[in-house]
Amino acid sequence: MAGPPALGALLFLLLPPPLWAAGPNAEPADSAAGPAAPPDPRAARPRRGPAPLTDVAKLCVCDLLVAQCDVNCCCDPDCSTAEFSLFTTCSVPVVTGDSHLCSQKAAVYSLDVEANPPERIFELTDQVNPSIFCIHATNYDQALSFSSPEMPTAENFDQLLEQFGSAAFSAEPDTWNMDPDAQHPADANETYRYEFGVPVQTVDAFLRLPSPVVTSWCSDVNPAAFLVNQATKCTRSVSVETCGSIQAVSMGFYINSSILAVPKSSQMVNVTVQSVIVQSLNGTQTLLNGSDVLRLPRILDELCINVVFRVSYHITYTDTGEIIEAAAAFVLGAINKEALSIQQSFEISFTQVDTTPVPLSGNPGYVVGLPIRAGFRPQGSGIIQNTNKYNQLTILQSTSNQDCLAAQGARTPILFGYNMISGCKLRITAAMKCQPLTQTLLDVLKGQSFPEYVASFGNSQAQDVLDWVPITHLFTSEQSSCQIPVSLEIEVKWTKYGSLVNPQARIVNVTATITTTPLKQLPSGRERIIPVTSSVVFTDISLPAEPGYKAWPTFNVKLPFDFFFPFV
């Protein structure tokens, strides 16, 4: 019975003193209380993180030349002592690793200019991150560099094609999947939705929007992209003898396949026929009353009728990216025996449910000849526009009689890139009063609802207020008791935005200047005729791309070490 305690005492005495003794000056423990318990060995050792994966002493961000010394690069290993003595300063004085680490090494470089000859000073110090949200250790090797891409070979080509050959793919390597046999029940309940630019899927493939590829001939492999309004024209080879066997000239080819409400789902949306217009050989068009009848091409009196000339799709979607309605409008025509081909037109547009579509004037930049988009901004809301873009920003329209009072209400839209001038004549009599005449002329020049903002791009959205440019109003007048407006000058400053290969027109400033003139009292029975003018001028303020001229500003910015983290 005395065996186990004796063995325990023997093991206790065999413990080395440094693991439990408090030190050479520690007081002896009270014998009555028994031997003191040894302290935790982990408390005697300082906690140290793993060794850093990045050696800052070997990092040198200013080392650009291979096997050559870079000027003022104090960390360049290619520089000799003699070359260091010629430096004036260290271009990179401190080199550190990840700034999110709690503690890291820092390589500090400086020059001792008082030494003869001057020499470089290198010092390796410790830096402590005061933030409580810091990283204790960075030990994930794959996150610190880009993985080398796998080169295709005859052996791995099929595997790479399966992984990266689709429209959407995952670049995650298979080794990241710890348990490939494990089931993921969450994937079964994953909800899909359409995103911008994603092909609109149908039961068999995708919604076709034929378009020319290399030549003008139609190609039926062009998919319609979600939220991308498109309009295409192409040539189709057709004859009277073969028109009944060509699917692409039949209505059924464009409406028989149902659209998926969301990708990879079983919920389908049928394409309904919105309208059918029949076009004769001489171009006369007639709208049919019964648009729900499928009219197939057929031969009648040496003509092939019901040939599809035009298809216009209209898709209605929700804010969650779900398609709820799809409609198609057709223009059907006839061809005779002399016809060898026809030109077909295709369009598709998207409208969010419970919203009013607003026509655009470019995507993204303005297109010359299309109206400038404008609107108002009530307090604390987005931009409100007139649904008719031709009535958003207008100027006075000249009339044949040139009478300003008769021309009130006659307006013409301001088209991008078109300098315009119009005017009228005002007959002033002695009976006219200053204030009513001033308001009447303002209505003639500016219209009843002159907008407050102009869209900087042709496709600026109403909710993106920062994409809209406020109209600046200026007044030039003389000192007089009564001033009446006689001219409105609108200057639109725009610039080429984006790539030099495909620049986009962007409006950066709009100024509306009202010029007034004093109204002098006329004697009774006398009249005075004054001209009233309205003009629009477009000014290109793009910087020229001249040789040696930097068209874009440059910034002296140092990228952080973890700029590409965590991309692999």
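The string of couplings for the range 269-276 from the Karplus curve (6.51, -1.76, 1.60, θ = phi - 60°) is 10, 7, 8, 8, 8, 7, 7, 9 Hz, one whole number per residue in order, with x for Gly and Pro.
The phi-based Karplus calculation (6.51 cos²θ - 1.76 cosθ + 1.60; θ = phi - 60°) puts the 3J(HN,Hα) values of the range 205-214 at 7, 8, 6, 7, 10, x, 7, x, 10, 9 Hz, whole numbers, x for Gly and Pro. Of all lysines in the structure, the ones whose alpha carbon falls short of 24 Å from that of Lys233, not counting any fewer than 8 places away in one chain, are Lys337. Amide H to amide H distances under 5 Å link Ala505 with Gly365, Tyr366, Tyr497, where only residues 5 or more positions off or on other chains count and H is placed in the peptide plane.
What's the FRET efficiency of Gln163 with Val113 using the Cβ-Cβ distance as r and R₀ = 35 Å, to the nearest 0.05? Efficiency, rounded to the nearest 0.05: 0.05.
Net length available on complete extension from His473 to Leu294 is 58.8 nm, with 0.36 nm assigned per residue and the Cα-Cα distance removed.
Our coupling estimate for the range 220-227, obtained by passing each phi through the Karplus curve with A = 6.51, B = -1.76, C = 1.60 and θ = phi - 60°, is 8, 9, 8, x, 7, 9, 5, 6 Hz, Gly and Pro reported as x.
Around Cys60, what is the net charge, scoring Lys/Arg as +1 and Asp/Glu as -1 over all other residues with Cβ under 12 Å from its Cβ?
Summing Lys and Arg as +1 and Asp and Glu as -1 gives -4.
Would you work out if the range 65-161 is rounded, prolate or oblate? Take a ≥ b ≥ c from the square roots of the eigenvalues of the alpha-carbon gyration tensor; rounded if a/c is under 1.5, else prolate when a/b is larger than b/c, oblate otherwise. The shape class here is oblate. Close amide H contacts of Thr539 (hydrogens built in the peptide plane, cut-off under 5 Å, sequence separation of 5 or more or a different chain): Val492, Lys493, Trp494.
Restriction of the chymotrypsin sites (Phe, Trp or Tyr not before Pro) in the range 196-292 to DSSP coil positions whose beta-carbon has at most 16 other beta-carbons within 10 angstrom yields Phe196. Shown here: the range 198-318, whose C-alpha atoms stretch 47, 38, 23 Å along the first, second and third principal axes, sorted largest to smallest. For Trp217, the amide hydrogen comes within under 5 Å of the amide hydrogens of Thr235, counting only partners 5 or more places away or on other chains and with H modelled in the peptide plane.
Under 27 Å of direct C-alpha separation, and excluding same-chain neighbours fewer than eight residues apart, Lys105 reaches these lysines: Lys58, Lys558.
Shape of the range 252-379 from the C-alpha gyration tensor: oblate (a/c of 1.5 or more and a/b not above b/c, with a ≥ b ≥ c the square roots of its eigenvalues). In this simple spin-label model, placing a label point 7 Å from the Cα along the Cα-to-Cβ direction at both Met268 and Leu340 gives a separation of 4.0 nm.
Gln402: net charge of surrounding residues, Cβ under 14 Å, Lys/Arg +1, Asp/Glu -1, itself excluded? Net charge in that neighbourhood comes out at +1. Using a simple spin-label model with pseudo-atoms 7 Å out from Cα toward Cβ, Asn363 and Thr284 lie 3.6 nm apart.
Given a 1.4 Å probe and the protein chains as shown, Glu123 ends up with an accessible area of around 100 Å².
Restricting things to alpha carbons, find the Rg to Rh ratio for the range 357-424 using the Kirkwood radius for Rh.
Expressed as Rg/Rh, it is 1.05.
Listed here are the pairs Lys264/Lys496; Lys389/Lys433; Lys389/Lys496; Lys389/Lys425; Lys264/Lys389; which of them are more than 32 Å apart at the Cα? Among Lys264/Lys496; Lys389/Lys433; Lys389/Lys496; Lys389/Lys425; Lys264/Lys389, the Cα-Cα distance tops 32 Å for Lys264/Lys496; Lys389/Lys433; Lys264/Lys389.
The values are calculated or read from the model by the stated rules, or taken from the named source; none is laboratory data. Treat the numbers as computed from the prediction; the structure is a model and nothing was measured. Cβ coordinates were reconstructed from backbone atoms using ideal geometry, including for glycine residues, and neighbour counts include every protein chain displayed. The protein model used for the area step is the full one, side chains on, heavy atoms only, and it has no ligands, DNA or RNA in it. Shrake-Rupley method; radii C 1.70, N 1.55, O 1.52, S 1.80 Å.
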